[in-house]
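**Student:** Before anything else, here's the structure in question.
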Amino acid sequence: MLDEALHDIAAADTLAALQDLRVRYLGKKGVLTQRLKGLGQLPQEERREAGRLVNLDKEKVERALDERRAALERAGMQAELERERVDVTLPGSGLAHGGLHLLTLVTNRLLDVFTSLGYEVVGGPELETDRYNFEALNFPPDHPARDAQDTFWTTDGRLLRTHTSPMQVRYMETHEPPFKIVVPGRVFRNEAVDATHEAQFHQLEALVVGERITMADLNGAIKEMAAAFFGEGTRTRLQPTFFPFVEPGAEFAIEWTHPRSGKLEWLELGGSGMVHPNVFKAVGYENVTGFAFGFGIERLALVPYGIPDIRAFYQGDVRVLQQFRGRL
Amino acid sequence: MRVPYEWLKEFLGDALPPLERTVDLLDGLGLAVETVHSLPGAPRGVVVVDILEAEAIAGSDHLLRTVVTDGVRSTEVVCGAANAVAGARTALARPGAELPGAHHEQGDAGRHQGADPVVVTERTIHGVLSHGMLASPRELGLFEHGAGIITFARDTPLGADLAELWPAEEVIELELTPNRGDAFSMLGVARDLAAKLGAPLRDPTHGADLGDPSSDDGLTLEVADAGACPRLTLRGLAGVQVGPSPVWLQRRLAALGLRPRNNVVDVTNYVTFELGQPSHAYDRRALTNGVLQVRRAVEGEQVTLLNEEQITLHDEDLVIATPDGAGGSRAIGLAGVMGGLHDSVAADTDAIAIEVAHFDPRVVRRSARRHKLVTDAHVRFERGVDPNLPRRASARVASLVQAVAGGLVAAGTSETGADVAALSVRFRPSRVAFLTDMQVPEPEQRSYLEGLGCAVAELGEDAWEVTVPSWRFDLGIEEDLIEEVARMHGYEHIGDTVPAMHFVPPAHDPTHRALRAMLAALGHQETMNYVFTGDAELARAEAPAASVRLSEPQGIERAVLRTSLVPGLLATAAENHAATSLALFEVGRVFGETEQERVGLLWRGPWIDGRWRPGQAIDFFIVKGVLEALASLHGVELRCDAAELPGLHPGVGARVWWDGGEVGTLGRLHPEVAARYGLSETYVAELAIPLATHRIRFEEIQRQPFAERDLAVLAPEAVTFAQLRSLVAGAAGGLLASLEPFDVYQGRQVTAGRRSIALRFRFRHPERALTDVEVDGYMRNVMSAVRDAGYDIRT
């Protein structure tokens, strides 16, 4: 009987068949159960030995059933895992995947530099008045300096700001020194559009005002920015130039290795200088000095990434936009 | 401003450093060097000759047989130039000479384009053997003029090798800033260099004969507007011989990029660049009774200028005029801009009157702009010419004309106005260090200022009075003088420091960095469009009509400012028609009644592209879900109210409420609008920013289990979920923790016109478990409210 049972158990290939065998041998009316019940009919002296043998068989059958069950479960899991196997080399579902505009990436990086240097970030309107864009910045009416900034005038006498500098005036009108601010923003020039000129572009402007801010502080700020953006030890250069709202004025350049030519050269970045006394007068500041500098963000995006045409920034071709990935 | 290096030597002598060092110095002085041009000299094999004879060749309509001589022997040359006349001194390119600009009759001169030189050969033309060619300035590669042969003054040595007379040279091109009108001349550039180098400056007007104003010269000045013309001088010269200029003068003008005309005009142009003072030579015959007038024009008055254009004057224009002989006055030039054509120097001019004046920069600037003229005179006047220069400049012109065109300068001179008083500026030498952090010793500061033409008087300890020269009207305050000292000393000596400052920057996000990052992470690509657009572009997208218009737009499609971000996004979507799907956003400003910052979003194509298995199409609930996710990231609630909005599908559009405030719109693009852009099913949203963010506040997590009940309600399809939710939530009582729909069904199993919404209610008591009896009670209230509203419970 035992051999038959063990054979049947080993042959059971489903959990259901195994359950049937359990019932057949161990159930209430099962073979072994019946045999245990039948022990009572045996003589007293045989009963003990026979009982021991039946229990032995029962244990063996139970163990066999348990082992077989575990084996079948293992095999079942194995089969299920096998069924669930996927071809991981098939492509994943196409989820929408976003990204930031290259100009945003470059601006963010610049703002990281300036906020780490303790500057406040401020923004302002794009549609401006003559007062903020020119007059309060010491551009006299009818002065050729205005020609350098071909202006989009509106029919109601306002203008699209030609630089981020109006925010110097707006900020100083509503805040007291000392402070350090940086103003990123969109600006506009009514120029013929070509590969290097756009009618709209972005600038970043820094303004620092305090009791005694010097040109050395200006130079130091530019050097810090250059080091953070282009790497430690980047050389910078100041040269005299003219902007109505600074005196003395300077244009600044950084020395860098041109990614295409591989040559070390000066990259003219922007204008800077000490805030002109007339600008302080326009906002009612006294007994302070300050520096300001500003530059075009497109230039910092175009040159290092080797983008041949500035117009690419505004053409909205996702094949172009999505090339600039990596961080948010 | 072009600065021939060799010419600079005349001002600075041996003190002028080599070219490369000079370029560095100029850059360091703020006279930014744009480039250095290497101009070639005259080609080899070209000699100075006289034309002895010139006669038409039979059978040709324009060719001439000329006989030319180099002073030793004569030779025959065929020439087609109208100015190849007997008596002209010109240049013969002998056979074998290589001409850089030949055969480039159109466009720019050959030398600019690196054209291959053409070798001159002996050849027979119309039966005449031509021993070389008479060449134009363009063919010789000297300056841009191809309409005749080059001609020279009589003092040019016959037979001379032109290459010796006209060697190659270097010309520095400066990009001047608008404040430095004084540097718009050789003298001004040289003065800066001299001050920097501490070298003496040779002033070409030094010792010039200024003329005697008391001596009668037969000329009369009538200045009707002394405000616009504070200084006017007129100097007569009789017996001039108008003709070609000497080689040195032509060469100077060519190096400046000018075309030599005749010796008188060339001198006035030369002095414009030499001293920065424009002047004009009138034919003495043009001045009725020797009277030269300066007055405002009469509206509608006309004058033909040297550029051969007739302009109609405006009554604000300032003109040079002369009596018309009939009691009136006629304009003969536009003051400070350009002289008149008919009254200027001509070939037969014998006597001239040289007008040198100072004009109000604003008057000149407005005239030039009004008539769209850009001239060497006007750009100097509008930037500012030394108001005290006219007398000396007049003397310089007169003496140079006499030198190159002969004649006799009148002893007398006619003048109006007086020298402008010099401006004095209080200056503290200590402020140089205060503002620039550079230590410049006082004697050095003084030497720089004096080198620039300032007079320095020491009034006391750290108190100077600096008298500014009349040509430096950009110097008016102490800071201007600090800059002068600083740029002379050199910005390269400025240190670098970081100021100690008590300033704690407030943390805010004016560039909407967080919003941009969230949208990008939620799958959207950022784009940037122009703020300029057109009325048609706005109308096409059904966006609000423009409220801000540009007065001089770059075209009608850029004539107004955008009122919405949607038109730009739609254009971008149309542009990207090849992309499988699009999820775009833009952060930007729109210009309605006020300027407003917004974020615009656009979705098109599948939200999930399944590629090789089913994906997920875009629909309203996906994009609403995106905005809900965005709201959740801000810690606020987002709500949509159905609305019929311009440009949107009337049944799939909503006003968006953010944290209880209306912020914008969301919906499916109206199919008609979509068709205009060639777009399939497209969704757009536009929200005003900054979007409110909830203040973070800690809340204890609810630990009690909730009791859940489901209920399906059958209601007319016009009843919105929001209405139903409001009804049942109100009835469910205060312990309702959440209420979400989990199935929405319309179809065969429900009556037409009705819809089944299955709702999942969750109830929770903050402190204890709810009993079934309690929850069943709440649900009975819900069900009776539903039935009272006339809806059914679906079982």
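**Student:** Which distance in nm do the two modelled labels at A:R24 and B:R613 give, with both placed 7 Å along the Cα-to-Cβ direction?
**Tutor:** 4.2 nm
**Student:** Charges on Cβ only, +1 for Lys and Arg, -1 for Asp and Glu, centred on the Cα centroid of the protein assembly as shown; of B:V590, B:A629, B:H524, which one is farthest towards the dipole's positive end?
**Tutor:** It is B:A629, whose Cα lies furthest towards the positive end.
**Student:** Would you please give the residues with an amide H less than 5 Å from that of A:F179, counting only those at least 5 places away or on a separate chain, with H modeled from the backbone geometry?
**Tutor:** Distant-sequence amide H within range of A:F179: A:V209.
**Student:** Before rounding to the nearest 500, sum -39500 (n - 2.57) across all DSSP H runs of length at least 4 in chain A and divide by the residue total; then give [θ] at 222 nm in deg cm²/dmol.
**Tutor:** -13000 deg cm²/dmol
**Student:** Take the alpha-carbon centre of the stretch B:168-246, take the same for the stretch B:518-532, and report the distance between them in whole Å.
**Tutor:** Going from one Cα centre to the other spans 58 Å.
**Student:** Grab the alpha carbons of the stretch B:635-739, take their convex hull, and tell me the volume per residue in Å³.
**Tutor:** On the way: hull volume 17.4 nm³, N = 105.
Convex hull volume per residue, Cα atoms: 166 Å³.
**Student:** Residue separation times 0.36 nm, minus the C-alpha to C-alpha distance between B:A643 and B:D14: what's the value? Each step should come with its number before you reach the end.
**Tutor:** Working: separation 629, 0.36 × 629 = 226.44 nm, distance 8.33 nm.
Using 0.36 nm per residue and subtracting the Cα-Cα distance, I get 218.1 nm.
**Student:** If you rank B:V432, B:V356, B:V379 by fewest surrounding Cβ atoms within 10 Å, what's the result?
**Tutor:** B:V379, B:V432, B:V356
**Student:** Calculate the FRET efficiency for B:E53 and B:E6 from the Cβ-Cβ distance with a Förster distance of 41 Å, rounded to the nearest 0.05. Kindly include the intermediate steps, with their values, before the conclusion.
**Tutor:** On the way: r = 37 Å, r/R0 = 0.91.
E(calc), rounded to 0.05, equals 0.65.
**Student:** So, how do all the Cα-to-Cα distances of chain B break down into 10 Å bins, in percent, from 0 on up?
**Tutor:** Reading upward from the zero bin: 2, 10, 13, 13, 13, 12, 10, 9, 7, 5, 4, 2, 0, 0.
**Student:** Report the Cα-based extents of the stretch A:257-328 along its three principal axes, largest first, to the nearest Å.
**Tutor:** Projected onto its principal axes, the Cα set of the stretch A:257-328 covers 52, 31, 23 Å.
**Student:** Now, a different point. Taking the number of other C-beta atoms within 10 Å as the exposure measure, put A:M172, A:M77, B:M133 in order starting with the fewest.
**Tutor:** Numbers: A:M172 24, A:M77 10, B:M133 27.
Ordered from fewest to most neighbouring Cβ atoms within 10 Å, A:M172, A:M77, B:M133 come out as A:M77, A:M172, B:M133.
**Student:** If Lys and Arg each add +1 and Asp and Glu each add -1, what is the summed charge of the other residues whose beta carbon sits under 9 Å from the beta carbon of B:I618?
**Tutor:** -1
**Student:** How crowded by other chains is A:229-240, given as the mean number of beta carbons from other chains within 10 Å of each beta carbon?
**Tutor:** 3
**Student:** If you don't mind, there's one more thing I want to ask. About its Cα centre, what dipole magnitude does the stretch B:337-474 give when the only charges are +1 on Lys and Arg Cβ and -1 on Asp and Glu Cβ, stated in debye to the nearest 20?
**Tutor:** Taking the Cα centre of the stretch B:337-474 as origin, the dipole is about 640 debye.
**Student:** Between the stretch B:571-591 and the stretch B:416-470, how far is it from one alpha carbon centroid to the other, in angstrom?
**Tutor:** 59 Å
**Student:** Between A:D156, A:D112, A:D130, find the one with the highest GNM mean-square fluctuation for chain A; connect C-alpha pairs within less than 10 Å.
**Tutor:** A:D156
**Student:** Given R₀ = 30 Å, FRET efficiency for B:D509-A:V320 by Cβ-Cβ distance, to 0.05?
**Tutor:** After rounding to 0.05, the efficiency reads 0.65.
**Student:** Give the long-range amide H neighbours of B:L423: residues separated by 5 or more places, or on another chain, with amide H under 5 Å away, using H modelled in the peptide plane at 1.01 Å from N.
**Tutor:** Amide H neighbours of B:L423: B:V468.
**Student:** Taking chain A as a Gaussian network, Cα atoms linked when under 10 Å apart, which of A:R109, A:R24, A:R311 shows the biggest mean-square fluctuation?
**Tutor:** It is A:R24.
**Student:** Check B:A643: other-chain or 5+ apart residues with amide H under 5 Å from its amide H, H built from backbone geometry?
**Tutor:** B:G653, B:A654, B:R655
**Student:** What number, rounded to the nearest 500 deg cm²/dmol, is the helix-based mean residue ellipticity at 222 nm of chain B, given -39500 (n - 2.57) per DSSP H run of at least four residues and division by all its residues?
**Tutor:** For chain B, the value works out to -7500 deg cm²/dmol.
**Student:** So what are the radius of gyration and Dmax for the Cα set of the protein assembly as shown, in Å?
**Tutor:** Every Cα atom of the protein assembly as shown included, Rg and Dmax give 44.5, 171 Å.
**Student:** How far apart, in nm, are two points set 7 Å out from the Cα along the Cα-to-Cβ line at B:Q439 and at A:V303?
**Tutor:** Using points 7 Å along Cα→Cβ, the separation is 3.4 nm.
**Student:** Could you work out how far apart the two model spin labels at B:V498 and B:R285 are, taking each label as a point 7 Å from the Cα in the direction of the beta carbon, and quote it in nm?
**Tutor:** Between B:V498 and B:R285, the simple spin-label model gives 7.7 nm.
**Student:** I've got another one for you. Suppose the chain between B:R369 and B:E595 were pulled fully straight at 0.36 nm per residue; how much longer would it get relative to their current alpha carbon spacing?
**Tutor:** Details: separation 226, 0.36 × 226 = 81.36 nm, distance 3.19 nm.
Extending this stretch completely gives an extra 78.2 nm.
**Student:** OK, next. For a quick check, take a GNM of chain A with Cα springs below 10 Å and name the residue from A:A282, A:A216, A:A17 with the largest mean-square fluctuation.
**Tutor:** A:A17
**Student:** Choose one of A:H101, A:G30, A:Q322: the residue whose Cα lies farthest towards the positive end of the charge dipole of chain A (beta-carbon charges +1 Lys, Arg; -1 Asp, Glu; about the Cα centre).
**Tutor:** My answer, from the dipole projection, is A:G30.
**Student:** P(r) of the stretch B:212-310 in 10 Å steps, Cα pairs, percent per bin?
**Tutor:** Final binned percentages: 12, 35, 37, 16, 0.
**Student:** Let me ask another. Say the cut-off is 24 Å between C-alpha atoms; which of A:K28/A:K60; A:K223/B:K196; A:K263/B:K9; A:K29/A:K60 go over it?
**Tutor:** Too far apart for the 24 Å limit: A:K223/B:K196; A:K263/B:K9.
**Student:** Neighbour counts of other C-beta atoms within 10 Å: give me B:H512, B:H493 arranged from fewest to most.
**Tutor:** Fewest to most other Cβ atoms nearby, the residues stand as B:H493, B:H512.
**Student:** Full extension from A:L53 to A:H97: what is 0.36 nm times the residue separation minus their Cα-Cα distance, to one decimal in nm? Could you put the intermediate results ahead of the total?
**Tutor:** Details: separation 44, 0.36 × 44 = 15.84 nm, distance 7.19 nm.
Gain on extension, A:L53 to A:H97, equals 8.6 nm.
**Student:** Can you tell me the dipole magnitude for the stretch B:543-625 around its Cα centre, using point charges on the Cβ only (Lys, Arg +1; Asp, Glu -1), in Debye to the nearest 20?
**Tutor:** Once rounded to the nearest 20, the dipole reads 260 debye.
**Student:** Find how many whole Å separate the alpha carbon centroid of the stretch B:354-373 from the alpha carbon centroid of the stretch A:231-258.
**Tutor:** Distance between centres, Cα-based: 35 Å.
**Student:** Something else now. Note down the Stokes-Einstein diffusion coefficient of the stretch B:512-619 in µm²/s, whole number, using a Kirkwood radius over alpha carbon pairs, 37 °C, and 0.692 mPa s.
**Tutor:** The calculation lands on 218 µm²/s.
Taken together, the values in this text are just the output of simple stated rules run on the coordinates, not laboratory data. For clarity, every value in this text was computed on a predicted model and none was experimentally measured. Please note: Cβ atoms are built from the backbone with ideal geometry, for glycine as well, and neighbour counts cover all protein chains shown.
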